[in-house]
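Heads up: the structure comes next, in structure tokens.
The values are calculated or read from the model by the stated rules, or taken from the named source; none is laboratory data. This structure is a prediction, so every number in the text was calculated from the model and none was measured. Cβ coordinates were reconstructed from backbone atoms using ideal geometry, including for glycine residues, and neighbour counts include every protein chain displayed. To get the accessible areas, we keep the full protein, side chains included, count just its heavy atoms, and leave off ligands, DNA and RNA. Shrake-Rupley method; radii C 1.70, N 1.55, O 1.52, S 1.80 Å.
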Amino acid sequence: LGAYEGKGWVLVAAALGSPRVPASDCLVLDFQSESMAEKWKHTALLVIDMQNDFILDDGLMRVNGGKAVVPNVIKAVEIARQRGILIVWVVREHDYLGRDVELFRRHLYTPGKEGPTTKGYLGAQLVDGLVIKEGDYKLVKTRFSAFFATHLHSFLQSNGVNNLVVIGVQTPNCIRQTVFDAVAHNYQPVTVIVDATAAATADIHDGMNFCSLNLYIYN
């Protein structure tokens with residue numbers, strides 16, 4: 001994602017459900033037009049799970065492809081700020097004893113042992129280069145979807161948001177489930193920036209985009 005000769009917003013990848021788009025064939029949106037400027041007011045960028053435990057080499061839940069997309073995530077956030085797009089930082093934060101985590105992950109949380117993205121610990125913090133600033137919004141989730149058991153939908157609706165752009169990790173879990181729920185809540189369009197999202201392997205990441213072909217086509 002980046003500026004294109006001062007003319008518009010460049011998506012370095014396609015929406016979920018569309019084929020991967022190389023940088024040379026990026027979709028250019030004319031943000032200088034009145035219609036696009038108005039659209040940005042109704043758009044939110046969801047930055048999902050860009051936390052130390054998911055990104056760093058020694059992270060407790062490291063996503064292998066996560067570190068490589070950090071620069072593109074940073075760039076996407078920078079451009080969203082320039083356009084006045086609402087930035088929502090979606091993060092996992094769990095109880096020290098794991099009492100709010102999925103059952104299949106409970107074994108990772110025991111007394112005297114820090115579990116993944118434990119609230120207040122280093123692993124739950126955003127990776128270096130990403131900072132929550134005034135005007136941004138932080139949303140804590142405890143499951144894959146940013147919509148599950150959270151107030152995300154009501155928050156977005158009360159702020160006039162009906163278009164979503166999604167970045168972060170990881171594609172088959174939190175990205176996919178959040179996008180599915182966004183579509184179910186009638187957000188349109190829902191766009192995933194493929195080069196600012198990642199999975200454990202490139203094959204898994206690309207496979208998720210292919211499998212979602214019939215879900216939604218960016219218009």
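Remarks
- In this calculation the C-beta distance from HIS151 to HIS42 is compared with R0 = 25 Å, giving a FRET efficiency of 0.85.
- The modelled label-to-label distance for the pair GLU78/GLN125, using points 7 Å beyond Cα in the direction of Cβ, is 2.2 nm.
- When the charge dipole of the stretch 38-210 is built from unit charges on Cβ atoms (+1 for Lys and Arg, -1 for Asp and Glu) and taken about the Cα centre, the candidate among VAL70, VAL101, GLN170 whose Cα reaches farthest toward its positive end is VAL101.
- Using the 1.4 Å probe convention, the accessible area of the stretch 38-210 works out to 45 Å² per residue with neighbouring protein chains retained.
- Surrounding net charge for GLN51, when Lys and Arg each add one and Asp and Glu each subtract one, Cβ distance under 10 Å: -2
- Each Lys and Arg contributes +1 and each Asp and Glu -1, all at the Cβ; summed about the Cα centre of the stretch 65-161, the dipole is approximately 160 debye.
- Between the stretch 53-76 and the stretch 89-141, the alpha-carbon center distance in angstrom: 15
- With every protein chain in place, the stretch 38-210: carbon and sulfur % of accessible area (1.4 Å): 54
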